[in-house]
Amino acid sequence: MLWMQGFGNLAVELRSDFGWSKTLFSVAYSGTRTGSAIIAPAQGAALRRFGTTSVMRFGSVFVLGGFVGLSLIQTRVQFLIAMTIAAFGMALAGFLTITSALVPWFERKRARALSIQTMGFAIGGFAGPVVVFAFGWFGYRATMAGAGVVMTLAIFAASTVLGKTREQTGEPVDGIPEEVAALEPRAEGVTDTHFTAAQALRTRSFWMVSFGHGSALIVVSAVIAHVALYLVDDRGFSARQAALIAGLIPVFQFLGTALGGYLGDRINKRLIIVVAMFTHGIALLVVAWVDGAIAIGVFVVLHGLAWGSRGPLMQAIRADYFGTTHFASIMGWSSVIVVVGTISGPLIAGILADETGDYRLGFSIIAGLAFAGNLFWLLASPPPALEA
């Protein structure tokens with residue numbers, strides 16, 4: 001989350017230092033996310049073949065190189081190269097790898113488990129304000145280099161723990177005996193069979209979940225890439241004030257994650273996601289069209305709650321529908337589709353902000369796309385059972 005939440009704050013510093021356009025930062029963010037998605041299918045195969053520990057440690061080398069590179073940049077090309085290297089490393093050591101390591105351990109408690117994992121990402125989001133203060137104390141160059149060293153060491157250490165499998169430890173699913181687990185209700189669509197990636201790709205459920213997830217990330221990626229620039233350029237806040245406001249989003253993301261995890265194992269996950277998607281859109285419309293500090297506060301609360309509550313459930317649904325044996329490969333191929341939303345959000349917001357002089361039109365279009373994305377979730381019913 002330092003990588004995600006810190007990007008907007010770094011963009012403010014670089015825009016002040018070099019005068020680069022919002023479109024450039026949109027391209028940089030979207031381009032690195034595209035690269036991460038392109039490698040995702042191969043990453044899924046690598047996780048199955050080499051294991052979590054090896055993939056994370058390999059990624060940590062690129063994290064260090066990318067962040068040190070960001071501390072040395074002087075040109076746009078150098079910036080884009082350093083971003084690409086860092087993004088490659090963070091992809092290998094980050095979300096897909098960690099989620100794939102976690103899902104085989106849980107079934108009936110899967111939403112809660114993934115929510116707790118996401119709480120860790122939300123806590124990492126608090127690094128945004130810390131980064132800005134570090135920019136003031138040490139400069140953004142020293143801060144980027146130091147952050148790279150810290151993250152590399154953390155990834156290397158965590159890889160040992162995350163690399164352990166349930167089969168190695170002998171732990172039962174959900175940590176409870178099978179005869180006890182059998183008495184508890186199961187979520188919609190939970191399967192005892194395990195789809196391969198090829199089998200999952202032939203179902204409507206795979207495509208609807210993927211496009212629905214991409215619709216949500218149109219909003220999230222646009223906010224990550226542009227909220228600090230928006231608060232500075234359109235609302236007149238200082239870089240530190242913008243970082244503090246943006247740093248409040250993870251607080252409510254954390255709370256939303258706890259709520260989503262609690263409800264996700266008890267009621268239909270798709271219903272929670274639909275409500276969250278509407279909330280995303282409303283939050284963007286409020287911050288774009290309503291003046292005053294209250295509007296910004298409403299945006300922070302609504303966007304954070306929506307992001308936290310629906311994020312883990314979108315991962316849990318994939319494991320529910322398709323099983324866990326080939327989860328990394330299925331998620332890898334899904335990422336190729338999801339990235340369409342990830343790259344679209346920042347580009348729409350950045351290009352239209354440069355063309356119109358503010359973020360209102362871009363944010364409004366993105367809100368409309370979030371509303372429309374609910375159609376995918378309404379159609380994302382469980383896949384038919386595999387034939388024996």
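No value in this document is a laboratory result; all are computed from the given coordinates. Note that the coordinates shown come from a computational prediction; the quantities given were computed from them, not determined experimentally. Because the Cβ atoms are built from the backbone with ideal geometry, glycine has one as well, and the counts that use them run over all protein chains shown.
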What is the packing order of peptides 234-240, 63-69, taking the mean over residues of other C-beta atoms within 10 Å and listing the highest first?
63-69, 234-240
Separation between the LEU361 and LEU259 pseudo-spin-labels, each 7 Å from Cα along Cα→Cβ, expressed in nm?
3.4
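Neighbour counts of other C-beta atoms within 10 Å: give me THR99, THR165 arranged from fewest to most. Don't skip to the end; give the middle numbers.
Numbers: THR99 20, THR165 13.
Fewest-to-most Cβ neighbours within 10 Å comes out as THR165, THR99.
So what's the net charge close to ILE73: Lys and Arg +1, Asp and Glu -1, counting the other residues with Cβ under 14 Å from its Cβ?
Details: positive: ARG15, ARG76, ARG141; negative: GLU13, ASP17.
Overall, the nearby charge balance is +1.
With the Cα gyration tensor of segment 183-298 giving a ≥ b ≥ c as the square roots of its eigenvalues, does the rule (a/c under 1.5 for rounded; else a/b larger than b/c for prolate; else oblate) give rounded, prolate or oblate? List each step's numbers first, then the result.
On the way: a/c = 2.88, a/b = 2.07, b/c = 1.39.
Prolate, since a/c reaches 1.5 and a/b exceeds b/c.
Can you tell me, using C-alpha contacts under 8 Å and at least 6 residues apart, the relative contact order of the chain as a whole percent? Each step should come with its number before you reach the end.
Numbers: 663 pairs, mean separation 113.8, N = 388.
It comes to 29 percent, rounded to a whole number.
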ILE267-LEU379 FRET efficiency (beta carbon distance; Förster radius 22 Å; 0.05 resolution)
0.70
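For segment 263-388, what is the Kirkwood hydrodynamic radius in Å, using each pair of distinct C-alpha atoms? Show your work: numbers first, answer last.
Values: mean 1/r = 0.0616 Å⁻¹.
Evaluated on segment 263-388, it is 16.2 Å.
Just check segment 29-150 against the gyration tensor rule for me: Cα atoms, a ≥ b ≥ c as the square roots of the eigenvalues, rounded for a/c under 1.5, and otherwise prolate or oblate depending on whether a/b exceeds b/c. Could the numbers behind the result be given before it?
Numbers: a/c = 2.42, a/b = 1.49, b/c = 1.63.
Because a/c hits 1.5 or more and a/b fails to exceed b/c, segment 29-150 counts as oblate.
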Tell me, in nm to one decimal, what length is gained between ARG76 and ASP291 on full extension, where the rule is 0.36 nm per residue of separation less the Cα-Cα distance?
74.0 nm
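ILE98 to HIS194: extension gain in nm, 0.36 nm per residue of separation minus the Cα-Cα distance?
Stretched out fully, the ILE98 to HIS194 stretch lengthens by 32.6 nm.
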What are the semi-axes of the equivalent ellipsoid of the chain, taken as the square roots of 5 times the eigenvalues of the Cα gyration tensor, listed largest first and rounded to whole Å?
33, 24, 18
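Using packing as a proxy for protection, rank 317-324, 356-363, 244-251 so that the peptide with the highest average count of other Cβ atoms within 10 Å comes first.
Working: 317-324: 24.6, 356-363: 18.9, 244-251: 21.2.
Highest-to-lowest ranking by the protection proxy: 317-324, 244-251, 356-363.
To the nearest 0.05, how large is the calculated FRET efficiency for THR325 and ILE351 if R₀ is 45 Å and r is the Cβ-Cβ distance? Show your work: numbers first, answer last.
Values: r = 42 Å, r/R0 = 0.93.
My answer for the efficiency is 0.60.
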Suppose the chain between PHE133 and SER54 were pulled fully straight at 0.36 nm per residue; how much longer would it get relative to their current alpha carbon spacing?
25.0 nm
Any chance you could give the angle, 0 to 90 degrees and rounded to 10, that helix 52-70 forms with the longest Cα principal axis of the chain?
0
Mind listing the long-range amide H neighbours of GLU107? Cut-off is under 5 Å, sequence gap 5 or more, other chains count too, H placed in the peptide plane at 1.01 Å from N.
ASP174
For the chain, longest principal axis from Cα atoms; helix 239-264 axis from its Cα atoms; angle between them, nearest 10 degrees, is 10
